[in-house]
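In what follows, a single structure is set out as structure tokens and then discussed.
The values are calculated or read from the model by the stated rules, or taken from the named source; none is laboratory data. Remember, it's a predicted structure, so these values are computed and weren't measured experimentally. For neighbour counting, all protein chains shown are included, and Cβ atoms are generated from backbone atoms with ideal geometry for every residue, glycine included. The accessibility values were calculated without ligands, DNA or RNA, using every heavy atom of the protein model including side chains. Shrake-Rupley method; radii C 1.70, N 1.55, O 1.52, S 1.80 Å.
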Amino acid sequence: EVTYDFKQFALKIMLPLGAVCLMVMANSFSSALLIALVSFLLLFFMNVGWKNLGLTIAIVVAAIGLMFGIYHAFFAGRPEAQKTSVGKLFNRFGTAEGRIVDFVNDIRGVEEVQATEMTELEKQVMLDEKRQSDNAKVAISEGGLFGKGPGKSTQRYSLSMAFSDFIYAFIIEEYGLLLGGIGVLALYLIFLFRCIRLCRRCNTTFSGALIVGLSFLIVCQALLHILVNVRLIPITGHTLPMISHGGTAYIMLSGAVGMILSVNKQLDRQDRIKALEQQQQEEQRQEEQTDEQS
């Protein structure tokens, strides 16, 4: 278990992590939250003290509330202010808030996007995303339990992001909830559980943290994508790892899986060496017993 007091924990872990999240937040608010979530799960799994984790959650919630307060006080509805060096940090706050408002309005049955502080372009983007989300719900509904069959989707022609942001809905429409929906989710959960088992075999903290961190990154992104497609959380724009269309994403995720496989290969090699050493020791012990009897 990590024995840092909170001051050491904040300086050595939370400060660098917070700086990374701030830099990512300027271009993607949801990606910054994903990094924070994966980091929290990693710290939890690596047995960081509950006191440190509790204080971290409180500080993160307070910081997000403070940043939204600063955004509304100085930058909301002021495009010229958002072009400054400090204002660029809040570029995605309007989009994130609009998505949350749209999600709440959808739950309440309100049809309009009620985000008065958004620009006309941002409002149009919100309306396009709502239309895509509605088409995704239609695709899931039409897919049913068993689906329409491969290549028989109809919503893919109206679902503009069917190949990336809403591919899970498209899979359910063609393959059904049982094979496509539950099957895809089960594959990610199996991958996570196997990575956790692999982590338990690791004999160093770094290799264990590497396995857990990469597996949480892949699975958490997949779960966010699935929850968005079934409309349980606001739209985030995250793709389905290793399934959605993409070039850079494939390269990065393939690299992550490659590192996991590399650790697994090294552990298998260590297990074989250990088994061979035990076998040699057993043979040597038997020879010594034979010599003593003779």
The helix 205-229 Cα axis meets the longest alpha-carbon principal axis of the chain at an angle in degrees, between 0 and 90 and rounded to 10, of 30
Rounded to the nearest 10, the angle in degrees between the Cα long axis of helix 248-293 and the longest principal axis of the Cα atoms of the chain comes to 20
Taking a probe of 1.4 Å and leaving out DNA, RNA and ligands, segment 20-92 shows per residue an accessible area in Å² of 57
Output for segment 1-102: chymotrypsin sites (Phe, Trp or Tyr not before Pro) sitting in coil per DSSP, at most 16 other Cβ within 10 Å, listed by number, reads Tyr4
For the Lys152, Asp5 Cβ pair and Förster radius 51 Å, calculated FRET efficiency rounded to 0.05 is 0.25
Rounded to the angstrom and largest first, Cα extents along the principal axes for segment 179-294 equal 78, 28, 23
Hydrodynamic calc, the chain: Kirkwood Rh from Cα pairs, then Stokes-Einstein at 25 °C with viscosity 0.890 mPa s, so D in µm² s⁻¹ is 110
Taking Cα atoms only, helix 15-25 is inclined relative to the longest principal axis of the chain by an angle, in degrees rounded to 10, of 40
Carbon/sulfur accessible area of the chain, % of total, 1.4 Å probe, equals 63
